[in-house]
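The values are calculated or read from the model by the stated rules, or taken from the named source; none is laboratory data. Note that the coordinates shown come from a computational prediction; the quantities given were computed from them, not determined experimentally. Cβ placement follows ideal geometry from the backbone for every residue including glycine, while neighbour counts extend to all protein chains displayed. The area values use the complete protein model at the heavy-atom level, side chains included, leaving out ligands, DNA and RNA. Shrake-Rupley method; radii C 1.70, N 1.55, O 1.52, S 1.80 Å.
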Amino acid sequence: MTESSEERLYALVPGGALRLDPGARSPSEALLGLRPGFYEGLRTFQRSRFFGLRAHLERLRRAVERFPERLEFDEDACARAIEAAAADATAAFGGDVRVRLDVLPEPAVSLGTGSNVLLAVARWNGVPARILEHGARLGRARGLERRDPPAKTADFIGARGRGSQERGVEGVDEYVLVGEREGREVVLEGALSNLAFVRGSELLRAPSGVLPGVTMRAACDLARAAGMSVVDAWVPVHDLARFDGAFFTTSVRGVVPVRSIEDTDFGPPGATVRRLAALYDGLTLEDACAPGERARARY
């Protein structure tokens, strides 16, 4: 068995998960060599709990049901596999992990399994302190949009990765997808995330054409509960300087403040973004649960 101190690969098997040997490749590289399907990404809390697992599996099920070919997919079996793989990996790594769950169009026989559901589990290192304190720096990724926005298609990972290598700007933490809507160049989302902008007591996000993020939905619910208005509206690129701040969301990193997008600098994270990040952290602790208890969770 090839050992990795940072990442492990598993296949769904009856009752749980079986660790696979990807050989000289990392699990992520091994997945890129397979016919792509759909995936979801999330992380553990306190090693055995997950926030938003119910919503992630529901989104994955909807994507699978829309696929032109019949894919083998069972939500309960996936939940058991996630629980088993996370238990093995957190024990090996000595801390929380991030999990990528892939549902493939065909069994991964090249990796020695008859299963079409794989899990790449890696050590979760948290968000760098410099980003939490000063905010993330974002570049722009022109010409890259999701082919199927409602679903997390694995082929987008390859396109996203190639684009990042081509752009390769030093010091950039995330890339912004930009598109043309209503004759204007507008911000869509991040290559790895959803994006929102703060203006006074308003929070603006793209109205369509982006992944319906679980973390962004939770952040918007928290914003409304805090008295903010959530507005679905296009944010033109040339208007970025008019906003007080911005943040991006992912299920692995949570609510992350944005310092700048190319030459537009929002300054250090403001009170609104910091408050939303803190509220989200509190929500994850309150609502995270074991996979078998996900039906009781809010998300």
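Key figures for this structure:
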item: Equivalent ellipsoid semi-axes, the range 149-278, via Cα gyration tensor eigenvalues times 5, rooted, Å; result: 22, 17, 15
item: GluC sites (Glu not before Pro) lying in DSSP loop within the range 59-145, provided at most 14 other Cβ fall within 10 Å; result: Glu69
item: Estimated FRET transfer efficiency when R0 is 22 angstrom, pair Glu106-Arg62 (beta carbons, to 0.05); result: 0.60
item: Additional length obtainable on full extension of the chain from Ala295 to Asp263, 0.36 nm per residue less Cα span; result: 7.1 nm
item: Neighbour cut-off at most 14 other Cβ (10 Å), DSSP loop, trypsin sites (Lys or Arg not before Pro), the range 231-299; result: Arg298
item: Net charge dipole size for the range 1-156 [Lys, Arg +1 and Asp, Glu -1 on Cβ; Debye, nearest 20]; result: 640 debye
item: Arg35 paired with Ala271, simple spin-label distance in nm, labels 7 Å along Cα-to-beta-carbon; result: 5.6 nm
item: Candidates Pro68, Pro150, Pro36: whichever shows maximal mean-square fluctuation once the chain is modelled as a Gaussian network with Cα springs under 10 Å; result: Pro68
item: Gain upon complete extension [Glu133, Ser208; 0.36 nm per residue less C-alpha separation]; result: 23.9 nm
item: Pairwise FRET efficiency - Asp281 versus Ala226, Cβ, R0 = 22 Å, nearest 0.05; result: 0.95
item: Gyration tensor (alpha-carbon) shape descriptor, the range 1-118, a/c threshold 1.5; result: oblate
item: For the chain: accessible area per residue (Å², 1.4 Å); result: 44 Å²
item: Per-residue [θ]222 nm for the chain (sum of -39500 (n - 2.57) over DSSP H runs n ≥ 4, rounded to 500); result: -9000 deg cm²/dmol
item: Rounded to the nearest 20 debye, dipole of the chain from Cβ charges on Lys, Arg, Asp, Glu; result: 320 debye
item: Carbon and sulfur %, accessible surface of the chain computed with the full protein complex present, 1.4 Å; result: 47 percent
